[in-house]
1. Can you name the number of the only condition in (1) open to solvent by less than 20 Å² (accessible area, probe 1.4 Å); (2) within 27 Å of Gly94 (Cα to Cα); (3) in a helix (DSSP H, G or I) that Leu235 fails?
2. Just to be sure I understand the filter: pairs with C-beta atoms under 7 Å, separated by 6 or more residues or on different chains, first member in region 196-207 and more than 20 Å from Val256 (Cβ to Cβ), second member in a loop (DSSP other than H, G, I, E, B). Which pairs pass?
3. Here is a check on your reading of the model: is Asn107 open to solvent by less than 30 Å² (accessible area, probe 1.4 Å), in contact with an Asp or Glu (Cβ under 7 Å, 6 or more places away or on another chain) and among the polar types (S, T, N, Q)?
4. Mind listing whichever residues of region 205-224 are touching a Leu at 6+ places or on another chain (Cβ under 8 Å), open to solvent by less than 20 Å² (accessible area, probe 1.4 Å) and among the aliphatic types (A, V, I, L, M)?
5. Evaluate the following for Arg58: is it more than 25 Å from Asp154 (Cβ to Cβ), among the charged types (D, E, K, R) and in contact with a Gly (Cβ under 9 Å, 6 or more places away or on another chain)?
6. Given the condition within 23 Å of Phe259 (Cα to Cα) and free of Cβ contacts under 8 Å to residues at least 40 places away in the same chain, answer yes or no: does some residue in region 68-79 qualify?
7. Only one residue in Arg247, Arg226, Arg222 is within 17 Å of the chain's Cα centre (by Cα), over 21 Å from Glu41 (Cα atoms) and of a type in the set (D, E, K, R). Which one?
8. Between a first residue in region 171-195 that is modelled with pLDDT of 95 or more and a second residue that is among the basic types (Lys, Arg) and open to solvent by 10 Å² or more (accessible area, probe 1.4 Å), which pairs have beta carbons less than 6 Å apart while being 6 or more apart in sequence or on different chains?
Amino acid sequence: MPEFVCIGVPYFLGQRLDERTEVAAVRASGIAQDLGAEWVEVTPDTAIDPDPVTAVNRALAESIAAHRDRFPIIFAADCTSAIGAAKGLMSAEGLGMVWLDAHGDFNTPETTPSGFLGGMPLAMLVGRGEQVLLDGVGLAPLREADITLTDARDLDPGEAVALRESAITHLPDVRDLMTAPLSDKPLYVHLDVDVVNPEQMPAMSYAAPGGPSLEETAAVVRRVARDGRVAGLLLGLWNDDLATDDRPLQGTLALVRAFVEGYRA
């Protein structure tokens, strides 16, 4: 039986766009074969769930459940897939979370300057703002105290206030995760690759200057995988429509390999 299952989610806000080929690029890299893993892709059913984002998240949760005996490594075109990942990984003990991201994803309809849904999933997951996506997959909000957010160097003003007043642990320096305590619950690790300095991880739709190096980020995910009770990993990918070379792909694969190295240790 394979140790891992690689799950592709090639949908951006519920839509499969011709120009968004990053999930296909990861699949073509052969990473699943390198890990001895099966590759599967979600198939949303909009006949059951007319809202396409809900349909994608339900399909992801069902795919995780269908491969419960394997560790899921999820490759997603946007961070709203965190809803389906959390639903699929939820256990009787609850779920802890480590969220690595250049952004907070902690906006609500009241704080967002742009209305961008991709800037709201972490807030949704703790019961803030619109709850249609959680309701759609049957997921109860997570406890803020079970979540560690790191980096989030690019926050909107209202989002920053909400995060500061929340019970979420915010570690602005990713390197603090090398020694920070981890939740004793099963952990969902959410790794948006835009957390890496864009000089090393280009082709981001919402690039934020600065941030940790690829090597620093790899060391952190290796530590979390080694020391945490990690139940699953989701990588929020780059925008392949903006890519001019394979640095985003190779950086992403390096992060996956670092995580697997720590997990196997």
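1. Looking at each condition in turn, Leu235 falls short on (3).
2. Within 7 Å, the pairs are Ser205/Asn239; Ala207/Pro198.
3. So Asn107 passes the test.
4. Hits for region 205-224 are Ala218, Val220, Val221, Val224.
5. Numbers: more than 25 Å from Asp154 (Cβ to Cβ): yes; among the charged types (D, E, K, R): yes; in contact with a Gly (Cβ under 9 Å, 6 or more places away or on another chain): yes.
Criteria met by Arg58.
6. Start the filter on region 68-79 by keeping residues that are within 23 Å of Phe259 (Cα to Cα), which leaves 68-79.
Still in the list and also free of Cβ contacts under 8 Å to residues at least 40 places away in the same chain: 68.
Scanning region 68-79 turns up at least one residue that is within 23 Å of Phe259 (Cα to Cα) and free of Cβ contacts under 8 Å to residues at least 40 places away in the same chain.
7. Going through Arg247, Arg226, Arg222 in turn, the sole match is Arg222.
8. Sorted first by the residue in region 171-195, then by its partner, the pairs are Met178/Arg223; Pro186/Arg229; Leu187/Arg229.
The values are calculated or read from the model by the stated rules, or taken from the named source; none is laboratory data. On a predicted model such as this, the values are computed, not experimentally measured, just so you know. Cβ atoms come from the backbone with ideal geometry, glycine included; neighbour counts cover every protein chain shown. To get the accessible areas, we keep the full protein, side chains included, count just its heavy atoms, and leave off ligands, DNA and RNA. Shrake-Rupley method; radii C 1.70, N 1.55, O 1.52, S 1.80 Å.
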